[in-house]
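Before any comments, here is the structure.
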Ligand code: PEP
């Protein structure tokens, strides 16, 4: 599973080239699912291209608003995302947790919104540098995961993204990722979730670092920010899956 999180980047022309480029490369070379999460304003166009050209790329939204009937100016609800062709939605990204102060109660409403629209959830968790240094990583993650058990999600994927690794050029060490992913898997399985889609890693991934991280059995894919913007680099990262064993 490879998720391209474009964040607030992209344009109509970039979108067309990216979709065609990735589809062409991956079609012949890899079996793994690729999910494009462009800014909301490009979802319609992306969906149209994917359908028309029958591309093997899934579509995801970077955010969703809570289901508060229709009284939310600027809001985009789950059913709207579904109508736009989204299969996935990212919830709990650290940039939104930090900048927009998205807390557990808001994230819970977003999870419910995704559930009612039957969207697959990519739920992001991760510790800050300070929390890591204090040895609090596992406690922080356990706490962040608590709200997901309150919603009977049909399809849930966890994205482990250490906050200090996002956009910093520094990925977490492989040994560290292995330990954390194992704990997340243990934690989720102890709560018997519906369809658990696995744990992906995110944080400064590029085509040089992807292979080693993907070689871990505990890593089911990658969430890629900066390196997903260029279709060749994203395809190269996705093709690292071909060397994954087991
Ligand atoms: C992200 O935004 O989720 C992310 C992992 O970004 P980057 O790859 O740029 O660190």
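Taken together, the values in this text are just the output of simple stated rules run on the coordinates, not laboratory data. None of the values given here were measured: they were computed from a predicted structure. Here the Cβ positions follow ideal geometry from the backbone for every residue, glycine too, while neighbour counts run over all protein chains shown.
Stretched out straight at 0.36 nm per residue, the stretch from residue 87 to residue 217 would grow longer than its current Cα-Cα span by 44.3 nm.
Comparing Cα centroids, segment 189-246 and segment 93-115 end up 23 angstrom apart. Residue exposure proxy: 137, 25, ordered by other Cβ atoms within 10 angstrom of their Cβ from fewest to most, comes out as 25, 137. Neighbour counting of Cβ atoms within 10 Å sorts the residues 201, 160, fewest neighbours leading, into 160, 201.
When the Debye formula is applied to the Cα atoms of segment 132-229, each taken as the same point scatterer, what base-10 log of I(q)/I(0) results at q = 0.12, 0.21, 0.24 Å⁻¹? Log10 I(q)/I(0), no solvent term: -0.38, -1.11, -1.34. Ordered by the count of other Cβ atoms within 10 Å of each Cβ, fewest first, 239, 8, 157, 80 give 8, 80, 239, 157. Short-range pairs are left out: with C-alpha atoms under 8 Å and at least six residues apart, the relative contact order of segment 1-70 is 40 percent. What shape does the chain have by the C-alpha gyration tensor, where a ≥ b ≥ c are the square roots of the eigenvalues, rounded means a/c under 1.5, and otherwise prolate means a/b greater than b/c and oblate the rest? Oblate, since a/c reaches 1.5 and b/c is not below a/b. Between residue 71 and residue 11, the modelled labels are 4.2 nm apart [label points 7 Å from Cα along Cα→Cβ].
Using C-alpha pairs below 8 Å separated by at least 6 residues, the relative contact order for segment 2-245 is 21 percent.
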